[in-house]
């Protein structure tokens with residue numbers, strides 16, 4: 001069961017793998033979640049990238065008559081391939097609470113199935129921040145599915161999560177609300193989501209993982 005059109009998510013997945021072959025970047029966003037959780041695939045692509053590899057990316061797109069544009073208002077680079085939006089953050093142009101520069105400088109990423117991906121604690125905080133800004137939209141719904149499926153699949157370093165939460169001023173109290181108030185979101189990765197008793201127990205287990 002997918003939120004987005006399956007044809008589009010397959011195209012996006014193929015593009016992510018193609019980009020990895022020609023440049024070096026760190027995945028964030030939906031595809032990073034998918035690599036950890038294998039729950040919902042993503043439509044759009046979000047990356048942190050250094051300048052040397054940014055130019056490789058730029059050449060790759062230019063050969064296909066696709067332009068990378070700078071969004072001055074949002075302080076990030078953007079490209080569009082059909083219905084796939086690609087958000088590109090560099091060390092000097094990044095609109096996210098946790099900057100591209102710091103992720104590279106502090107090595108806040110790891111290798112997951114051949115991809116560089118931000119560590120789960122950083123990814124969770126980025127998703128919480130995104131969900132808070134767009135919680136009433138379909139993307140906010142997808143953010144909650146991503147957050148919950150990530151919590152389900154990985155073991156968090158709670159001390160590190162609290163440290164990073166304080167450092168980047170992202171309130172993790174929102175996690176409790178997401179866990180307890182979500183309902184349909186669970187059906188995208190938890191097979192027994194329709195069983196009220198089992199879902200209630202599952203929610204308690206998720207709360208323990210981040211408390």
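Only residues of region 94-126 count here: report those whose backbone N is under 14 Å from the spot 7 Å along Cα→Cβ of residue 35, or say none. Only 104, 108-124 pass the distance filter. Between the helical axis of 196-210 and the longest alpha-carbon principal axis of the chain there is an angle of about 60 degrees. Based on C-alpha pairs under 8 angstrom that are at least 6 apart in sequence, the chain has a relative contact order of 18 percent. In percent, rounded to a whole number, the relative contact order of region 1-118 is 25, using alpha-carbon pairs under 8 Å and six or more apart. Mean residue ellipticity at 222 nm, helices only, the chain: -16500 deg cm²/dmol; runs of at least 4 DSSP H residues each add -39,500 (n - 2.57), and the sum is divided by the number of residues. In percent, rounded to a whole number, the relative contact order of region 109-211 is 26, using alpha-carbon pairs under 8 Å and six or more apart.
Against the longest alpha carbon principal axis of the chain, how many degrees, from 0 to 90 and to the nearest 10, is the axis of helix 120-134 turned? Tilt of helix 120-134: around 90 degrees. By the gyration tensor of its Cα atoms, with a ≥ b ≥ c the square roots of the eigenvalues, what is the shape of region 1-108: rounded for a/c under 1.5, prolate for a/b over b/c, or oblate? Oblate. Rounded to the nearest 10 degrees, what's the angle between the helix 138-153 long axis and the longest principal axis of the chain, both from Cα atoms, 0 to 90? So the helix axis and the longest Cα principal axis differ by about 70 degrees. Distance between the modelled labels on residue 209 and residue 136, one decimal in nanometres: 3.0 nm (7 Å Cα→Cβ projection). How would region 120-211 be classified by its alpha-carbon gyration tensor: rounded, prolate or oblate, with rounded meaning a/c under 1.5 and the a/b versus b/c comparison settling the rest? Judged from the Cα gyration tensor, region 120-211 comes out oblate (a/c at least 1.5, b/c at or above a/b).
Please work out the Cα center distance from region 146-203 to region 67-144, rounded to the nearest Å. So the two Cα centres are separated by 20 Å.
Put a dot 7 Å past the Cα of residue 198, heading toward its Cβ, do the same for residue 78, and the two dots end up 4.2 nm apart. Ranked for footprinting exposure by Cβ neighbours inside 10 Å, fewest first, 159, 143, 44 give 159, 44, 143. With each label modelled as a point 7 angstrom along the Cα→C-beta vector, the residue 3-residue 62 pair spans 3.5 nm.
Need the full-extension length gain, residue 168 to residue 20, defined as separation in residues times 0.36 nm minus the C-alpha distance. One decimal, nm. Stretched out fully, the residue 168 to residue 20 stretch lengthens by 50.4 nm. Which entry in [x] 0.96; [y] 0.93; [z] 1.00 is this structure's computed Rg/Rh (Cα atoms, Kirkwood Rh)? It is the value labelled [x].
FYI, it's all coordinate maths here, none of it is from the lab. This one's a predicted model, so the numbers in the text were calculated from it and none came from an experiment. Here Cβ is always computed from backbone atoms with ideal geometry, including for glycine, and neighbour counts include all displayed protein chains.
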